[in-house]
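The values are calculated or read from the model by the stated rules, or taken from the named source; none is laboratory data. Please read these numbers as outputs of a predicted model, since none were measured by experiment. Quick reminder, even Gly has a Cβ in these numbers, built from the backbone with ideal geometry, and neighbours come from all protein chains shown.
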Amino acid sequence: MEQRTGLRERKKNATWELLRKTALDLFEERGFENVSVAEIAAAAEVSKATVFNYFPSKEDLVIGGMKRHTGDAARIVRERRRGQTPHEALRDHYLHLLARRAPQTGLNDNPMFLRVQRLLIATPSLLISAMDYRRQASVQLAEALIEEGNSLLTARLVASQLLHTQHILVEVNVRRVLKGEPLEEIRDSAVSAAGHAFGLLEHGIGDLMRRETEPPAPDAAYGPDGCRFDYEHDRAEAAEAAERVFADVGEEVLDKLTEPRRR
C-alpha cells in the first residue's frame, strides 16, 4: 500500500510539474493573456479537466503559491509568544525566512521562481491578483488582531502597515535578484533593510524627513483645491483615454475587475 501511495504521489507531482512548466513556456512565448487553458492542456497532452484538477484557475499556474500563504501573517501573530508585539513576530519570521532564502522573501534564485517573477512583473492581470492576495492577507491579519480585543480601525491600520512594509522589502529583493546581484550581497543588505523598516514601525516616523530648507514656490498651475486651473472636463477626451488604457491592459484585466472566471 505504501509503495502504491508513493508511486501515486510521484505521478501527481510529475503531472503538476509538467503542467506548470508547459504553461510557463507558453506564457513566456506568447503572453499570459494570449494562452488558453485548452491550449496548455493540448501542449501537455492532457485534458482541460486535468489542468483544472491541479490548478483551479489559469493564474494558479503562475502564482498559485501566493494563495497558500495568505494566512501566514495572521497565524504567526496568533501564535506569537507572550509579551511579543505583532511587528516583532513578523520581523523575526521574515528574518528566519531570509536566512533560509525562502521564495516568500524574494531572496531566491531558483530558475522557476525567477521565471514566475518576470512573468508577474510583465502581466498586469497577474499583478492585480497578487495585490488581491496581499489584501486578503491584510484582512486575515486584521481579524486576528480584532480577536485580541483591538478596535477595527487600529487592527486594519496595523495590519496594512505591517504587510505593506514586508511587501516592499520583498519587492526590492526580487528586483535585485533579477538584475543578477549575488544572493549573499543581497541577503546582508536585506537584513539591514528589514531592521530599518520594522524599526520605523516600532518607533514611528516622528521627526524623520522633517524639512530643514525652505520649500520651492507653489506650482502656479494648481489651485487651492489641487486641480489645474486649465483643466476642463471633456467627455470625448476622457473616453479616448479610457479606451487607450483598456486596450493596453487587455480584456483579461477587465474580466478580473468585473466577473473573474475560468477560461
Looking at the range 129-143, which of the residues that are more than 14 Å from the chain's Cα centre (by Cα) and without any contact (Cβ under 8 Å) to a residue 40 or more places away in the chain is surrounded by the most Cβ atoms within 10 Å (Cβ to Cβ)? ALA142
When only residues in the range 177-222 that are charged (D, E, K, R) and touching a residue at least 60 places away in the same chain (Cβ under 8 Å) count, which is farthest from GLN161 (Cα to Cα)? ARG187
(1) part of a loop (DSSP other than H, G, I, E, B); (2) in contact with a Ser or Thr (Cβ under 9 Å, 6 or more places away or on another chain); (3) within 27 Å of GLU147 (Cα to Cα); (4) not charged (D, E, K, R): which one isn't true of MET66, the others all being true? (1)
How many residues, within the range 50-98, are among the small types (Gly, Ala, Ser) and modelled with pLDDT under 95? 3
Pick out the one residue from ARG156, ARG176 that is surrounded by 17 or more Cβ atoms within 10 Å (Cβ to Cβ), touching a Ser or Thr at 6+ places or on another chain (Cβ under 8 Å), of a type in the set (D, E, K, R) and in a helix (DSSP H, G or I). ARG156
Qualifying position, being out of contact with any strand residue (DSSP E or B) (no Cβ under 6 Å at 6 or more places or on another chain) and at pLDDT below 95, among LEU208, LEU162, LEU178, LEU157: LEU208
If you take the residues of the range 1-29 that are under 30 Å from THR123 (Cα atoms) and of a type in the set (Ser, Thr, Tyr), which of them is modelled with the highest pLDDT? THR22
Select from the range 25-53 the residues that are surrounded by fewer than 17 Cβ atoms within 10 Å (Cβ to Cβ), part of a helix (DSSP H, G or I) and either among the charged types (D, E, K, R) or within 23 Å of the chain's Cα centre (by Cα) (or both) and list them in ascending order. ASP25, GLU28, GLU29, ARG30, ASN34, GLU39, LYS48, PHE52
Checking ILE146 against (1) within 21 Å of LEU119 (Cα to Cα); (2) free of Cβ contacts under 8 Å to residues at least 12 places away in the same chain; (3) assigned to a helix (DSSP H, G or I), which test does it fail? (1)
Residue check: is PRO103 buried (at least 19 other Cβ atoms within 10 Å of the Cβ) and within 17 Å of ASN173 (Cβ to Cβ)? yes
